[in-house]
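J.: Below you will find the structure I want to go over with you.
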Amino acid sequence: MKGIGVSPGISIGRAFVISKAATTFSGVQLTTNEDIAAGISKFEAAVVSASAEIEAIKMDLNLTLSADELNILEIQVELINDPQIKDDVVEKIETDKKTPGDALLEVIANLVTVFEEMDDEYMSARSADIRDAGARILKYLQNIPPPVIPTFNGDVIIIADDISPSETMTMDLQHVRGFATRAGSKTSHTAIIAKAKGIPAVVACGDDVMMAVEGDLIVLDGATGFIHINPDESALNDYKLKRDALASETEKLKGLKDVPSITTDGVSVHLEVNISGIDDMLLGFENGGEGVGLLRTELLFMNRDSFPTEDEQFEFYKSIALQSKNNPVIVRTIDIGGDKQLSYFNIDAELNPFLGYRAIRICLDRPEIFITQLKAILRASVFGKLKIMFPMIANVQEIRAAKKLLEQAKYELTIQNISFNANIKVGIMIEIPSAAVTADILAKEVDFFSIGTNDLCQYTLAVDRMNEKISHLYDTYNPGVLRLIGNVIEQGAKNNIPVGMCGEVAGDPLATLLLLGMGLKEFSMGPAAIPVIKKIIISNSETKAKQVFSTVMQMDNSTDILAYLRQVTT
Ligand code: PEP
Ligand code: MG
């Protein structure tokens, strides 16, 4: 069967099936006022116990939790103590005379439906958090003792409906070789945790995956999303070979961490990491990254009720700067709108959100939001080598307007007597075709370019990057896309400004020689991709890369280009 591969790698192991306890309504009606009062007290006590259980997990020093994981637990505590949920449950006990268990089940079920129906993939994935919080309270209502952290024997693959955030955190992950879930999405917690821990995972496998029984042999490919239950011997052997090859390759590549990324003919290439927070940065450095080519600041604005204040933002950028080991860090100003909506910032429904009110367009329209962020970045700029980057630039007027607001932010800090790096470098993302075509004009206005191929490709080919139905048309090797990339690199060199790339193509091994041949010297990518890209760079010469580039530019379609790149990439 096939689901969505969310954390790459091949796993082979025995199934460990986690089936959820049945949560059925009792249908019992409370009759006396004493029963109702007792029901409410029982519910309130269960909330306190459930909340204490999470706090205990947080305090357990044996669990080394990352900032992301702690954040997940914080959300759980918040949901368990959510006043609206509490009021709704109490009302159902008081008015409808329901037992606390039935009242809670009903409230949670309603809320889960509301979230599941949301169009936003991130929000709809949050229904798992609500279900998890409800189940935790319910256990105390049903007097089920707190869970024992599962300890597994041998290497297992966890099969479950969906894995709750706290379940993934309290499992003995040492023996967990993979996750396969019936439900879930790319942004579900199973996906986030699995990726962070490097455990292969496939989500959204559908009902069939639940046919697996404990002890079945499971093969799971977290890159392609394929899962086999009790495969035949030849399929199993194929996967074993693939798994072992991958494992030895990964081990070898780890040894490259301190090898400088220089081609065989002496051209130095800068490998950087794309991050949303400190954990990604440290992992990227661990893998040999030498800077941050893209700090996506949106995460700081998500999962909250209001915009972060200047001080809150400052603390975040400062902590990144302090831990950046004096490597350069490109901080991108907020790229909200499009697929990234904020619950507290209402953007009217748009017919084409990706072509709509997003990123720099919002910032120029709402200067107070923009200036707050710029001041916070400027203040943090004295703690490291921070640079500022504006996303979604379409023309020169936008750059000038954004720079004017940056001057205002600097002016305000000067008046307040707050120090900042007055010479902070300012760059733009080249991710709109008009910007790529006019790179010669835009280069006169900024200190650097960074090519965002994720958006550049969707806008050049008119293919919505989030629409699965047309994902086969999202073709980064289309000659039109490649010509735009080539033009940006060429114009950057002619105008003496550095050009980097932070879109996904920078971490695609098949593109490395071509980009190198085009003259790209700064590649920024997800932490896991760095060793593979470094291996290609140190094994090849710039002369060969230039030949690859000139051959590709004579080809008229992506199928031939890809076949050729597969052949020459070593
Ligand atoms: C891009 O568009 O290539 C990019 C890096 O930005 P994002 O994926 O955040 O839109
Ligand atoms: Mg983009």
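J.: Tally up the residues in region 553-570 that are surrounded by fewer than 16 Cβ atoms within 10 Å (Cβ to Cβ), without any contact (Cβ under 8 Å) to a residue 40 or more places away in the chain and not β-branched (Val, Ile, Thr), please.
T.: Count: 4.
J.: Is there a residue being within 16 Å of ligand 1 (Cβ to nearest atom), touching a helix residue (DSSP H, G or I) at 6+ places or on another chain (Cβ under 8 Å) and part of a loop (DSSP other than H, G, I, E, B) anywhere in region 355-364?
T.: The answer is yes; a qualifying residue exists.
J.: A further question follows. Can you find, within region 422-461, the residue that is nearest to residue 519 (Cα to Cα) among those that are within 16 Å of ligand 1 (Cβ to nearest atom) and among the acidic types (Asp, Glu)?
T.: 431
J.: Please find, within region 207-222, the residue that is nearest to the chain's Cα centre (by Cα) out of those that are among the aliphatic types (A, V, I, L, M) and surrounded by 15 or more Cβ atoms within 10 Å (Cβ to Cβ).
T.: The qualifying residue nearest to the chain's Cα centre (by Cα) is 220.
J.: For the condition under 25 Å from residue 536 (Cβ atoms), in the same structural domain as residue 360 (by TED's automatic domain parsing) and either of a type in the set (A, V, I, L, M) or away from ligand 2 (no atom under 16 Å from the Cβ) (or both), what is the one hit in 291, 255?
T.: Result: 291 is the single residue among 291, 255 that is under 25 Å from residue 536 (Cβ atoms), in the same structural domain as residue 360 (by TED's automatic domain parsing) and either of a type in the set (A, V, I, L, M) or away from ligand 2 (no atom under 16 Å from the Cβ) (or both).
J.: Let me ask something additional. Give the residue that is surrounded by the fewest Cβ atoms within 10 Å (Cβ to Cβ), with candidates limited to residues of region 278-317 that are small (Gly, Ala, Ser) and closer than 16 Å to residue 502 by Cα.
T.: 291
J.: Exactly one condition in (1) more than 28 Å from residue 272 (Cα to Cα); (2) in contact with a Gly (Cβ under 8 Å, 6 or more places away or on another chain) is false for residue 328; which is it?
T.: (1)
J.: Continuing with the same structure: Quick one: in region 278-300, which of the residues that are touching a strand residue (DSSP E or B) at 6+ places or on another chain (Cβ under 7 Å) and in a helix (DSSP H, G or I) is nearest to ligand 1 (Cβ to nearest atom)?
T.: Checked region 278-300; the qualifying residue nearest to ligand 1 (Cβ to nearest atom) is 298.
J.: How many residues, within region 421-435, are basic (Lys, Arg) and either buried (at least 19 other Cβ atoms within 10 Å of the Cβ) or within 10 Å of ligand 2 (Cβ to nearest atom) (or both)?
T.: Of the residues in region 421-435, 0 are basic (Lys, Arg) and either buried (at least 19 other Cβ atoms within 10 Å of the Cβ) or within 10 Å of ligand 2 (Cβ to nearest atom) (or both).
J.: So how many residues does region 434-461 have that are under 20 Å from residue 404 (Cα atoms) and of a type in the set (Phe, Trp, Tyr)?
T.: Of the residues in region 434-461, 2 are under 20 Å from residue 404 (Cα atoms) and of a type in the set (Phe, Trp, Tyr).
J.: Only residues that are surrounded by fewer than 16 Cβ atoms within 10 Å (Cβ to Cβ) and of a type in the set (D, E, K, R): list them for region 87-112, please.
T.: Hits for region 87-112 are 87, 91, 96.
J.: Moving to a separate point now. Go through region 211-228 and count every residue that is out of contact with any strand residue (DSSP E or B) (no Cβ under 6 Å at 6 or more places or on another chain) and in a strand (DSSP E or B).
T.: Counting residues in region 211-228 that are out of contact with any strand residue (DSSP E or B) (no Cβ under 6 Å at 6 or more places or on another chain) and in a strand (DSSP E or B) gives 1.
J.: Let me ask something else about it. Considering every residue within region 407-421, establish whether at least one is within 16 Å of ligand 1 (Cβ to nearest atom) and without any contact (Cβ under 8 Å) to a residue 60 or more places away in the chain.
T.: no
J.: Further question: Which of the residues spanning region 301-325 are under 18 Å from residue 278 (Cα atoms), away from ligand 1 (no atom under 16 Å from the Cβ) and aromatic (Phe, Trp, Tyr)?
T.: Hits for region 301-325 are 314, 316, 317.
J.: Scan (1) more than 16 Å from ligand 2 (Cβ to nearest atom); (2) free of Cβ contacts under 8 Å to residues at least 40 places away in the same chain; (3) farther than 21 Å from residue 562 by Cα; (4) not hydroxyl-bearing (Ser, Thr, Tyr) for the single condition residue 398 breaks and write down its number.
T.: The single condition residue 398 does not satisfy is (1).
J.: Among (1) among the hydroxyl-bearing types (Ser, Thr, Tyr); (2) assigned to a helix (DSSP H, G or I); (3) in contact (Cβ under 8 Å) with a residue 40 or more places away in the chain, there is one condition residue 471 misses while meeting the rest; what is its number?
T.: Result: residue 471 fails condition (3) only.
J.: Something else now. For residue 231, work out the one condition from (1) part of a loop (DSSP other than H, G, I, E, B); (2) closer than 22 Å to residue 527 by Cβ; (3) not small (Gly, Ala, Ser) it doesn't fulfil.
T.: For residue 231, the failing item is (2).
J.: Also: If you take the residues in region 474-493 that are buried (at least 19 other Cβ atoms within 10 Å of the Cβ) and in a loop (DSSP other than H, G, I, E, B), which one is nearest to ligand 1 (Cβ to nearest atom)?
T.: 476
J.: Still on this model: Name the residues in region 322-342 that are modelled with pLDDT of 95 or more, in a strand (DSSP E or B) and not aliphatic (A, V, I, L, M), would you?
T.: 328, 332
J.: Give me a count of the residues in region 449-468 that are farther than 19 Å from residue 393 by Cβ and either touching a residue at least 12 places away in the same chain (Cβ under 8 Å) or assigned to a loop (DSSP other than H, G, I, E, B) (or both).
T.: 6
J.: Answer with yes or no whether residue 492 is touching a Phe, Trp or Tyr at 6+ places or on another chain (Cβ under 6 Å) and more than 17 Å from residue 328 (Cα to Cα).
T.: yes
J.: Give all pairs with beta carbons closer than 6 Å in which a residue from region 308-323 that is free of Cβ contacts under 8 Å to residues at least 12 places away in the same chain meets a residue that is surrounded by 15 or more Cβ atoms within 10 Å (Cβ to Cβ); count only pairs at least 6 apart in sequence or on separate chains.
T.: The qualifying pairs are 308/300.
J.: Quick one: residue 199 ticks every box in (1) under 22 Å from the mean Cα position of the chain (by Cα); (2) in a strand (DSSP E or B) bar one, so which box is it?
T.: Failed condition: (2).
J.: Residues of region 436-466 being basic (Lys, Arg) and within 10 Å of ligand 2 (Cβ to nearest atom), which ones?
T.: 465
J.: Where in region 43-142 are the helices (runs of 4 or more DSSP H), entirely inside, with at least 3 residues that are under 30 Å from residue 337 (Cβ atoms) and without any contact (Cβ under 8 Å) to a residue 24 or more places away in the chain?
T.: Ranges flagged: 67-80, 100-116.
The values are calculated or read from the model by the stated rules, or taken from the named source; none is laboratory data. Every value quoted in this text rests on a predicted model; they were computed, and no experiment measured them. Here the Cβ is made from the backbone with ideal geometry for all residues, glycine too, and neighbour counts use every protein chain on show.
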